[in-house]
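These notes are about the structure you will find just below.
The values are calculated or read from the model by the stated rules, or taken from the named source; none is laboratory data. Predicted model, so just to flag it, every value in this text is computed and none were measured. Neighbour counts are summed over all protein chains in view; Cβ atoms, including those assigned to glycine, are modelled from backbone coordinates with ideal geometry.
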Amino acid sequence: MINNIDKDHQATARLKLRSGTVILTVYFLLPLICNGQDGNAGIEAANTQIRSYFSAGTQLMYGVGALLGLIGAVKVFQKWNNGDPDTGKVAAAWFGSCVFLVVVTTVIESFFGIR
């Protein structure tokens, strides 16, 4: 009687192990089967989509640069009025960051051949 219970327990354990293995195999292979698409078409679609967003992104970068330039100008003006000795360094840092933003946008445009 005890032998039959052990055999039933072992059979149940094997069945659970096999069903778990099958479920995991399906779980990991199903996304590969479902997403098996042409790679070139996906890359071209991504390229087209990114290029369509670039002009809006460029305008956004210029807008952020203008806003940061105004904030920097106010900060430099406040330091200049207070007579702080490091006004030149702060002005150079803010001006340099705005120039960097414009240069990066231009370099990205020319590097990717957009426009």
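Of the residues making up segment 71-115, those that are of a type in the set (Phe, Trp, Tyr) and either in contact with a Phe, Trp or Tyr (Cβ under 7 Å, 6 or more places away or on another chain) or at pLDDT below 85 (or both) are Phe111, Phe112. Screening segment 75-115 for residues that are surrounded by 11 or more Cβ atoms within 10 Å (Cβ to Cβ) and outside any helix (DSSP H, G or I) and picking the one that is farthest from the chain's Cα centre (by Cα) gives Asp84.
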